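The values are calculated or read from the model by the stated rules, or taken from the named source; none is laboratory data. Since we're looking at a predicted model, the values are computed, not measured. Backbone-built Cβ (ideal geometry, glycine too); neighbour counts: all protein chains shown.
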């Protein structure tokens, strides 16, 4: 028989309280709407929720387990060592699919993921953003109740921003994700994109009463896959969210979101466990939680907050320990059977127990044992560590060569100062001067609701804090365990007592791919370009892309591993080509493309020989240029240039004054000519330059001058 079931049976035989079933409607509504969808992975938690609801309503009357009527930090601290059934915050930062998932409550502010309420893959065009492509759709459920809102979006460990339509705008995921949170409000409807993309999804699939998000992740190009999906799949959505938004505040009668520890304790008792509280007491304790205290950074903050997650699969003792330890709460069963509690703080006792009230007294003095801690540090949730658990600064209790370290898990605390104040109290109760175990008579009934009591017995006169108190069979006597305390045990000076908070700096991983610099290209005969670049790391492969200058379409080519040169052939002669290069890893991660290298393609780089002859003569009003082409297979044409001067010009001709007037095409070894017409009087100079088919020039002939009257 399980411990949970055993506790339920035992308690149903007590007079603690009449069980009241917790309200499971929001989750059951989701199950009715979401299960049966062909592509869905439903929350599927009918059995788990039913078991949890029954557990919550029967396992506790006030704080009663068997006959326990009061419990404080000295007893609760035993349950603060993490066990397999108490997952760390980091373990909640995933999205998972499984047939049974337990209901979770988010109290205050916390970062978490959750089970998938739906997942499916389809090619579609988004109805809002018109984004096309093949997409993985998934809907993580973050809480089994309405929540206040999303504070920060995280995909895996990357903080991202979204626009008004939900599209992620943070590189490199920008455009490849769309996030549409839903908060469980009364008007919540089925997601339009899911209804559009999957015929099985209808208006009935509204995830009523639940908090989560509908997400699609678009399949990226292969070269970007490992950058956008570093874990090989779509990112887990693990946002920071402000949780339960129906928390009652008796001070003004409002209902909404809060991080006030007393109000959240009352919410847990009434809404999760289905029990009752004294709201006037809750209001008084809430005021104490709102009091400002100075922290180790010199600022101020509310004294007691709760920020964390409860799951229905947790043992009751784990839930109680985490909630109570977060604010040093002392919990008790009130005479009417409701749950009472006092948050951390000292009050002068109003009841004194003497020898006449006590029997069976056992007192321990200064006997801590070999297992007593010599140093203590909390495991708490640190916002600066991406809202993951982190160790607090260490409080040294005793300088000794044999160190015994205690690390209580305070997973409902997100403040270093608050965590340290709690472990300071834990250290004091574990090293109290006196511990007393005793039995008292009916005066124990008067002690209910009193955290502190003065005890005068066996020669001692001290104030004690009740750690645990039980009602014996018949209710005529009570057993108690208490530790001696002093008022200063509850006075914490952050300036002198708060150890330095660990610094959290992001580790700069050198996970980038080094850029290629120094790309150069040389035109090759036959219509090619030979590219070269400096030697790269042997683990990297290069990729070249090229295009005709002035165009937009790139062609990509992979370079064989280890080569530092690459020949591109089949290019068009006398056309300029632009090329870039980058490195790639075996996993497909890439560097940026290099700066462009532009090269003019020359199919023939060999210049022809000089012209065999070059002359100019006047024929009437025209000038005839005659020349003999060289007997050279590289010869293709002769470019004829002319410079115009006024009559009587006597200085030597300058080629810089000339302009191309004619490319005269011909055959190697043949005579050729060109008639220059339309000239008026003046002094003229001519030059002739042979070229090959790629425009490579040979030696220049000329100048040859002529005067025309």
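What to note about this one:
- Segments classed as strands (runs of 3 or more DSSP E), wholly inside segment 225-308, with at least 2 members that are within 30 Å of residue 173 (Cβ to Cβ) and within 29 Å of the chain's Cα centre (by Cα): 240-244
- Among the residues of segment 240-262, those that are crowded, with 24+ Cβ neighbours inside 10 Å and closer than 15 Å to residue 324 by Cα comprise 260, 261, 262.
- Meets criteria (out of contact with any helix residue (DSSP H, G or I) (no Cβ under 8 Å at 6 or more places or on another chain), crowded, with 19+ Cβ neighbours inside 10 Å, in a strand (DSSP E or B) and in the same structural domain as residue 450 (by TED's automatic domain parsing)) for residue 380: no
- Every residue from segment 650-670 that is out of contact with any strand residue (DSSP E or B) (no Cβ under 9 Å at 6 or more places or on another chain) and exposed (fewer than 14 other Cβ atoms within 10 Å of the Cβ): 667
- Among the residues of segment 537-573, those identified as within 30 Å of residue 694 (Cα to Cα), in contact with a strand residue (DSSP E or B) (Cβ under 7 Å, 6 or more places away or on another chain) and touching a residue at least 40 places away in the same chain (Cβ under 8 Å) are 543, 545, 549, 567, 568, 569, 571.
- Residue list for segment 282-295, filter: crowded, with 18+ Cβ neighbours inside 10 Å and touching a residue at least 60 places away in the same chain (Cβ under 8 Å): 295
- Selection count where residues are part of a loop (DSSP other than H, G, I, E, B) and either modelled with pLDDT of 95 or more or buried (at least 16 other Cβ atoms within 10 Å of the Cβ) (or both), scope segment 339-367: 10
- Against the numbered list (1) at pLDDT 95 or above; (2) over 30 Å from residue 416 (Cα atoms), residue 329 comes up short only at (2).
- Of all residues in segment 122-147, those satisfying the criterion of being part of a strand (DSSP E or B) and crowded, with 20+ Cβ neighbours inside 10 Å are 135, 137, 138, 139, 140, 141, 142, 143, 147.
- All of 502, 534 fail the test of being surrounded by fewer than 19 Cβ atoms within 10 Å (Cβ to Cβ), at pLDDT 90 or above and not assigned by TED's automatic domain parsing to the domain that holds residue 348, apart from 534.
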